[in-house]
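The values are calculated or read from the model by the stated rules, or taken from the named source; none is laboratory data. Note that the structure is predicted; figures quoted are calculated from it, not measured. In this analysis, Cβ positions are derived from the backbone assuming ideal geometry, glycine residues included, and neighbour counts consider all displayed protein chains. Heavy atoms of the whole protein, side chains included, go into the accessibility calculation; ligands, DNA and RNA do not. Shrake-Rupley method; radii C 1.70, N 1.55, O 1.52, S 1.80 Å.
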Amino acid sequence: QAAGMGLISIIDRMPLEQRNEIAVELGKGLEIGDYQFSKYIPDYLGVIMLHLPPRELDELVCDLEKLLEGDNGQVAAAVLNTFGVVIENYCIYGKLFGSHEAEKDTETRKYRLINLIVKGFANYNNTISQEAFWTFGMHIFGSHKLSPEEKYRIYCHCGKKLMTLWEGMEESSLGFFYNAAVLNQIYGFISEYELKVGNFDVPEPQKAAFFPGTFDPFSLSHKAIAREIRDMGCEVYLALDEFSWSKKTQPRLQRRKILSMSVADEENMYIFPDDIPVNIANPDDLAVLKEIFKGKELFFVAGSDVIKNASCYRLEPCDNSIHSFNHIIFKRESQEQTGIEGTDRDGSNADKRGSMRYPITGRVINLSLEEYYEDISSTRIRENIDMNRDISNLIDTVAQNYIYENSLYLREPAYKHIL
């Protein structure tokens with residue numbers, strides 16, 4: 001501890017190259033995995049990182065992110081604590097390097113670190129998940145260095161995501177006390193904010209997108225679609241189908257866990273509650289869905305192949321039927337083949353040559369992905385796993401680790417080879 005404080009006291013007097021060398025060496029120290037030593041590093045590494053120029057800081061964050069995505073719980077826990085210390089002291093970075101980058105870039109990095117901690121909370125490893133939640137409680141919402149206003153801005157960014165993830169977590173005996181301590185810190189922060197500042201109102205987007213699917217498994221293509229829709233100003237709610245008649249899907253809770261881990265680091269993306277079943281062919285269910293999002297502009301998200309082949313679109317339109325919903329349709333074939341007609345993202349008229357109108361009375365927005373994402377599908381991921389091929393460029397890294405660790409999708413030959 002004395003050595004760590006000594007480093008912090010002289011870090012400002014060191015050349016930038018030496019600061020970077022020290023930060024890199026301390027980062028490697030986190031990889032030791034021996035908690036009796038690595039537990040001391042985050043308190044000092046987190047502060048020293050804030051004395052690095054933007055480029056070097058981003059490189060070190062990327063290196064630590066790779067450790068966080070690994071399966072070593074103790075190493076990942078030390079990385080999470082380091083990110084917590086960085087956020088807790090982040091106000092000094094603008095003073096030190098405000099002239100080196102735009103204020104917007106500085107804020108973007110801060111929220112990226114917050115998203116990485118949220119992603120840790122969604123991890124399938126209980127040690128990593130507990131440490132991430134503990135980091136939020138002790139280093140952020142329980143911090144004496146952050147003002148109530150700063151904590152409020154962080155809560156507006158990730159509070160809803162934390163609460164939705166926490167609700168779906170399995171709680172162990174030790175986890176109960178972890179959660180109680182963290183929730184107490186969050187409750188204390190909200191009380192302090194209402195006492196010192198005013199009403200605790202969290203703003204929400206006025207658009208919502210309902211995106212159903214089997215997601216077996218949730219791919220980078222699915223994530224790219226959800227991200228595009230989110231960037232249009234929508235809150236995206238991913239609804240996991242219970243089963244599929246045409247597919248031999250993995251158990252629903254397994255698919256839900258993969259989905260949760262894959263979108264944990266994305267703002268305004270949530271998993272739709274399990275206790276509200278929505279059958280898109282049932283007008284009564286769709287009436288409930290409209291009531292849930294009352295006051296918001298609601299969009300239904302579907303692929304062009306679903307619109308073309310789903311039986312519910314061939315039924316006679318009626319009150320609250322799927323035809324009355326606004327739609328965001330992502331292209332899986334050429335528009336000429338599927339007959340997409342509607343509006344582009346900006347609301348302008350789309351190309352109508354050679355197309356026929358969908359049986360949709362609501363607003364239609366067409367969405368096209370980059371060619372790279374169009375080639376990614378859940379079927380392709382399952383086939384690559386069966387053939388023992390790499391899937392790291394098709395699915396989230398943590399989800400990939402979860403799939404292989406739990407032998408999901410693996411048939412007998414591939415399973416024996418991996419063992």
Summing +1 for each Lys or Arg and -1 for each Asp or Glu, what net charge is found among the other residues whose Cβ lies under 15 Å from the Cβ of GLY29? -4
Going by alpha carbons, how many degrees (0 to 90, nearest 10) lie between the helix axis of 148-167 and the longest principal axis of the chain? 60 degrees
Taking LYS296 as the anchor, which aspartates and glutamates have their alpha carbon closer than 13 Å to its alpha carbon, excluding any fewer than eight residues away along the same chain? GLU204, GLU235
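At a Förster distance of 45 Å, what's the computed FRET efficiency of SER9 paired with GLU192, Cβ-Cβ distance as r, to 0.05?
Values: r = 31 Å, r/R0 = 0.70.
After rounding, the FRET efficiency stands at 0.90.
Just to verify a number: FRET efficiency for LEU96 and MET169, C-beta to C-beta distance, R0 = 45 Å, to 0.05?
Details: r = 37 Å, r/R0 = 0.83.
So, using R0 = 45 Å, E works out to roughly 0.75.
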Using amide H atoms built 1.01 Å from N in the peptide plane, name the residues 5+ places from ASP241, or on other chains, whose amide H lies under 5 Å from its own. GLY213, THR214
Those lysines that a straight Cα-Cα span of less than 20 Å connects to LYS257, excepting residues fewer than 8 apart in one chain: LYS119, LYS160, LYS161, LYS223, LYS247, LYS248
Taking Cα atoms, how many degrees apart are the long axis of helix 252-263 and the longest axis of the chain, rounded to 10 and kept between 0 and 90? 60 degrees
In degrees, nearest 10, range 0 to 90: what is the angle between the Cα axis of helix 173-196 and the longest Cα principal axis of the chain? 90 degrees
Relative contact order (%) - segment 33-149, alpha-carbon pairs under 8 angstrom, separation at least six: 29 percent
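Per-residue counts of other Cβ atoms within 10 Å, averaged by peptide: what ranking do you get for 185-197, 37-49, 169-181, 56-68, highest first? Kindly include the intermediate steps, with their values, before the conclusion.
Working: 185-197: 14.5, 37-49: 20.5, 169-181: 12.4, 56-68: 17.5.
Top to bottom by mean Cβ count within 10 Å: 37-49, 56-68, 185-197, 169-181.
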Only helices counted: for the chain, with every DSSP H run of 4 or more residues adding -39500 (n - 2.57) and the sum spread over all residues, [θ] at 222 nm is -16000 deg cm²/dmol
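Determine the dipole magnitude for segment 134-191: charges of +1 sit on the beta-carbon of Lys and Arg, -1 on that of Asp and Glu, nothing else is charged, the reference point is the Cα centre, and the result goes in debye to the nearest 20.
Working: 5 positive and 5 negative charges, 48 e Å.
Value, rounded to 20: 240 debye.
Using only alpha carbon pairs under 8 Å that are at least six residues apart, calculate the relative contact order of the chain and give it in whole percent.
Details: 566 pairs, mean separation 49.3, N = 419.
It comes to 12 percent, rounded to a whole number.
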Counting only residues 5 or more places away or on other chains, whose amide H sits under 5 Å from the amide H of ILE271 once H atoms are built in the peptide plane? LEU238
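If packing is taken as the mean number of other Cβ atoms within 10 Å per residue, what is the order of 294-306, 268-280, 319-331, highest first?
Working: 294-306: 17.7, 268-280: 16.0, 319-331: 19.5.
Averaged packing, sorted descending, gives the order 319-331, 294-306, 268-280.
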Phi angles of segment 279-293, converted by Karplus (6.51 cos²θ - 1.76 cosθ + 1.60, θ = phi - 60°) into ³J(HN,Hα) in whole Hz with x for Gly and Pro, give 9, 5, 8, 10, x, 5, 5, 5, 5, 5, 4, 4, 5, 4, 9
Which lysines have a Cα lying under 18 Å from the Cα of LYS294, excluding residues fewer than 8 positions away in the same chain? LYS207
For mean projected area of the Cα convex hull in nm², the listed values are (i) 25.3; (ii) 21.2; (iii) 23.8; which was obtained by calculation from the structure presented? (iii)
Ratio Rg/Rh, restricted to segment 19-100 and using Cα atoms, in which Rh is the Kirkwood radius: 0.96
Long-range amide H partners of HIS327 with built H, under 5 Å: PHE300, ARG363, VAL364, ILE365
Output wanted: per-residue J couplings in Hz (rounded whole) for segment 220-231, from phi through Karplus 6.51 cos²θ - 1.76 cosθ + 1.60, θ = phi - 60°, x for Gly and Pro. 5, 5, 4, 5, 5, 4, 4, 5, 4, 5, 4, 5
Go through ARG252, ARG380, ARG153 and list them by solvent-accessible area, largest first, probe radius 1.4 Å. ARG153, ARG380, ARG252
Determine the share of the chain's accessible area contributed by carbon and sulfur atoms, expressed in whole percent, with a 1.4 angstrom probe. 49 percent
Does segment 13-162 come out rounded, prolate or oblate by the C-alpha gyration tensor, with a ≥ b ≥ c the root eigenvalues, rounded set by a/c under 1.5 and, if not, prolate when a/b is larger than b/c and oblate if not? oblate
With label points set 7 Å from each Cα along the Cα-to-Cβ direction at ARG55 and GLU291, the distance between them in nm comes to 5.9 nm
Accessible surface, per residue, of segment 83-204 when the full set of protein chains is kept, probe 1.4 Å, Å²: 49 Å²
Using θ = phi - 60° and Karplus 6.51 cos²θ - 1.76 cosθ + 1.60, couplings along segment 383-400 (whole Hz; Gly, Pro as x): 5, 5, 5, 4, 9, 6, 9, 6, 10, 5, 9, 10, 8, 4, 4, 5, 5, 4
